[in-house]
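Only one structure is covered here, and it is reproduced in the block below.
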Amino acid sequence: MELWQGHTKPQNLRQSIKGINLDKLPIQRDTELLNLAKNDREREKFLNNINKILSQTPDCLDEESTNNRMHVGKQGMNSIVQFLNPGSDSTKLTSIVAGILLNLCFEDINVQHFLELNCTENLVLCLLIDDIQLQTNAAGAIQSICYHQRGKIAIRDAGGIEALSHLLSSKDSRLVTRVVGSLHNISSEISTAPIILSCGSVPHLVHLLDSHQPAIVHAAAGTIQNITCYPQARVEVESQGAIVPLLKLLVGFDPQITSCAIGAMLNLWRERFPDPNSVSSPDSNVDQTDDQGSNAKNKIKLVHPGMKKLLELAVTLGSAYNLFFPNETPQINFPLQPSMNLQTNAKEASVIQ
């Protein structure tokens with residue numbers, strides 16, 4: 001066996017470390033060992049170990065390890081994110097770290113730790129690196145972070161919406177799934193709607209309503225539903241031809257997709273088909289500026305009950321179709337519009353609000 005500093009060289013780094021409590025959970029030991037790694041090869045090994053542990057499903061874990069994400073702590077988070085460096089020559093470590101954050105940031109406490117370590121801008125910068133795997137992992141991490149209110153604000157302030165919008169036209173379906181999923185999550189914060197609108201995202205979102213990937217369609221429809229609470233967005237969404245693809249989603253598709261399509265349609269029809277018997281009330285979330293330059297609260301207009309009934313009827317018919325023809329996709333053809341053929345099998349797991 002090879003000699004190492006006058007002694008027998010240990011078979012692996014763990015055998016050479018003193019002061020590591022071997023009674024700790026594996027994820028805790030690996031985050032400690034990560035700080036003692038001497039080179040990128042060793043760092044990659046421990047980061048991959050951490051990622052593998054976090055990727056295990058609960059039924060694969062023993063009773064003490066059912067939620068490894070909760071055992072990392074702020075110190076462990078710091079050990080991991082020190083390698084979130086989009087400016088490094090090699091993006092491999094950064095990509096692995098982004099993948100780890102995707103899992104860790106399911107938990108709000110880990111999002112808090114991440115934000116306190118001031119790494120948000122580095123994560124957003126990963127979206128600008130020309131590396132599909134890095135961009136995909138970074139978008140996945142942002143999607144998890146934006147599930148939490150504090151995360152939405154932080155990503156918004158770090159320029160995340162602009163960086164995400166730039167990737168909506170990517171040809172990589174896995175990347176687009178996570179990008180539009182991130183926009184879906186962050187768009188539930190009303191202050192993000194004007195930014196999404198100003199980035200030119202609406203034409204891409206409308207185009208994605210015709211995707212063959214259910215996860216993409218769901219997130220695109222959900223984002224449109226969220227941003228159309230903002231008056232200017234309603235005008236833009238309708239002008240981009242969103243009505244027809246949204247109507248197609250009302251019949252015979254995934255219930256979550258249908259729900260988002262209904263919400264979007266109700267928002268779009270507020271102005272066109274108002275309820276004559278409703279009294280407008282101020283919307284505290286949206287400010288508008290009148291002709292004199294003063295701030296005036298936007299008035300909510302409720303949709304005419306007849307339109308709600310029509311949407312309910314469409315959903316009822318769609319449910320009946322699914323009941324009697326479970327293995328068929330209805331062909332809904334509109335003049336001058338391509339027919340849609342949504343495959344509803346095997347959704348990619350994602351955190352979408």
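Readers should treat all values here as calculations from the given coordinates under stated rules, not as data from a laboratory. Because the structure is predicted, anything quoted here is derived from the model rather than measured. Cβ sites come from the backbone with ideal geometry, for glycine too, and all protein chains shown count toward neighbours.
Observations
- One chain, two ends: S88 and N67. Fully extended at 0.36 nm per residue, the span grows by 4.4 nm beyond their Cα-Cα distance.
- Exposure proxy order (Cβ contacts within 10 Å, fewest to most) of C199, C146: C199, C146
- Label-point gap, in nm, between L25 and K171 - each point 7 angstrom along Cα→Cβ: 4.2 nm
- FRET E, pair N118, H212, Förster distance 25 Å, beta-carbon r, rounded to 0.05: 0.05
- Pairs of C-alpha atoms in the stretch 16-186 farther apart than 24 Å represent 33 percent of all such pairs.
- Sites Q75 and D108, calculated FRET efficiency, Cβ-Cβ separation with R0 22 Å, nearest 0.05: 0.75
- For the stretch 16-186, relative contact order (Cα pairs under 8 Å, six or more residues apart, normalised by length) works out to 18 percent.
- When the charge dipole of the stretch 133-271 is built from unit charges on Cβ atoms (+1 for Lys and Arg, -1 for Asp and Glu) and taken about the Cα centre, the candidate among S170, M265, H204 whose Cα reaches farthest toward its positive end is S170.
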